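S.K.: Have a look at this one.
Just so you know, all these numbers are worked out from the coordinates, no wet-lab data involved. Worth saying up front: this structure is predicted, and the values here are computed from it rather than measured. Here Cβ is always computed from backbone atoms with ideal geometry, including for glycine, and neighbour counts include all displayed protein chains.
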Amino acid sequence: MKALSPDPKTTVKFADPPFAMFLFDDTRSAWIWLIVRLYLAYVWLSSGWGKLNNPAWSQTGEALKGFWEKALASGIYFDVYESFLQYLLNIQAWPWFAKLVIAGELFVGLTMLLGAFVGIGAFTGAILNFNFLLAGTVSSNPLLLILEILLVLAWKVAGWYGLDRYLLPKLGTPWAPGQLPQDLLQNQSKT
């Protein structure tokens, strides 16, 4: 039987619903994302700052070691993640990994506060929340994960009231270079 392959001449593109266009593509929705960003900035900066000022996190990493041990003792649903945490414990990774967690939390908080690289910051926050959930910590992680996924989808307008308003046109994207990469390419071709 012959497999069907999509014909570019008959490919159909569906338009997004107007509500989705408003939320994710229209700068008039930027105020909504500003509220979400400021909330996430508060949560992540508070958490990261608290860990930074706690020697059990920032110096020894013992707090993270205890978190991993507790997660393993309570049973982790996914064997792969359980093996990953056990490996990190076996190689005694908690001193440097705790610093990585602190840096990640502060990075997410700063990107949200400044509105700079919001999509990247939100993706990083989603990875952190996903890992906390895999380790069995529910807390506010599901809500934060949902907000971060929405911010990833709204990356084009979420930083409008922030530095992304200026950064995105200058830097562009991998598929559409902004003014700065174009200027650099033009300068290289002249030399």
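S.K.: Compute the FRET efficiency between Ala176 and Ser46 as 1/(1 + (r/R0)^6), taking r as their Cβ-Cβ distance and R0 = 35 Å, and round to the nearest 0.05.
M.R.: On the way: r = 36 Å, r/R0 = 1.03.
Calculated value: 0.45.
S.K.: Angle between the Cα long axis of helix 141-153 and the longest principal axis of the chain, 0 to 90 degrees, nearest 10?
M.R.: The two axes meet at around 20 degrees.
S.K.: In the chain, how many lysine pairs have Cα atoms under 27 Å apart, counting only pairs 8 or more places apart or on different chains?
M.R.: 9
S.K.: Taking R0 as 22 Å, what FRET efficiency do you get between Phe130 and Phe19 from their Cβ-Cβ distance, rounded to the nearest 0.05? Present the calculation step by step, with values, prior to reporting the outcome.
M.R.: Numbers: r = 27 Å, r/R0 = 1.21.
Between Phe130 and Phe19 the formula returns 0.25.
S.K.: May I ask you to evaluate 6.51 cos²θ - 1.76 cosθ + 1.60, the Karplus curve with θ = phi - 60°, for each residue of region 95-109 and list the ³J(HN,Hα) values in order in whole Hz, giving x for glycine and proline?
M.R.: Those phi angles translate into x, 7, 5, 4, 5, 5, 4, 4, 4, x, 5, 5, 4, 4, x Hz.
S.K.: While we're looking at this one, here's another question. Please list 3J(HN,Hα) in residue order for region 19-29, calculated via the Karplus relation 6.51 cos²θ - 1.76 cosθ + 1.60 where θ = phi - 60°; whole Hz, with x for glycine and proline.
M.R.: Coupling constants for region 19-29: 5, 5, 4, 5, 5, 9, 10, 10, 5, 5, 8 Hz.
S.K.: Considering the options Leu113, Tyr166, Leu150, tell which one lies farthest towards the positive end of the dipole of region 40-191, charges being +1 on Lys and Arg and -1 on Asp and Glu at the Cβ, about the Cα centre.
M.R.: Tyr166
S.K.: Using just the Cα positions, wrap region 30-162 in a convex hull and report its mean projected area in square nanometres, one decimal place. Spell out each step's value before the answer.
M.R.: Working: hull surface 30.3 nm².
Its Cα hull, projected and averaged over all orientations, spans 7.6 nm².
S.K.: Taking R0 as 25 Å, what FRET efficiency do you get between Leu38 and Gln59 from their Cβ-Cβ distance, rounded to the nearest 0.05? Don't jump to the answer; show the numbers that get you there.
M.R.: On the way: r = 30 Å, r/R0 = 1.22.
Approximately 0.25, to the nearest 0.05.
S.K.: Subtracting the Cα-Cα distance from 0.36 nm times the residue separation, let me have the gained length for Phe84 to Ile149 in nm, one decimal.
M.R.: 21.0 nm
S.K.: Can you sort Ser58, Ser74 so the residue with the fewest Cβ neighbours within 10 Å comes first?
M.R.: Final ranking by Cβ density, sparse to dense: Ser74, Ser58.
S.K.: Once the Cα atoms of helix 30-52 and of the chain are each reduced to a long axis, what angle between those two axes, in degrees from 0 to 90 to the nearest 10, is obtained?
M.R.: 30
S.K.: To make sure I understand, if each residue's beta carbon is the centre and we count other beta carbons within 10 Å, what order do Val80, Val152 fall in, fewest to most? Intermediate results must be reported in sequence, preceding the final value.
M.R.: Details: Val80 8, Val152 18.
Least to most surrounded, the residues fall as Val80, Val152.
S.K.: Local charge sum around Tyr81 (other residues, Cβ-Cβ under 15 Å, Lys/Arg +1, Asp/Glu -1)?
M.R.: -2
S.K.: To continue, here is another question. Neighbour counts of other C-beta atoms within 10 Å: give me Arg28, Arg37 arranged from fewest to most. Intermediate results must be reported in sequence, preceding the final value.
M.R.: Numbers: Arg28 10, Arg37 27.
Ranking Arg28, Arg37 by Cβ neighbours within 10 Å, fewest first, gives Arg28, Arg37.
S.K.: Report the extension gain between Phe97 and Ala73 in nm, rounded to one decimal, defined as 0.36 nm multiplied by the number of residues separating them, less their alpha carbon distance.
M.R.: Details: separation 24, 0.36 × 24 = 8.64 nm, distance 1.97 nm.
Gain on stretching Phe97 to Ala73: 6.7 nm.
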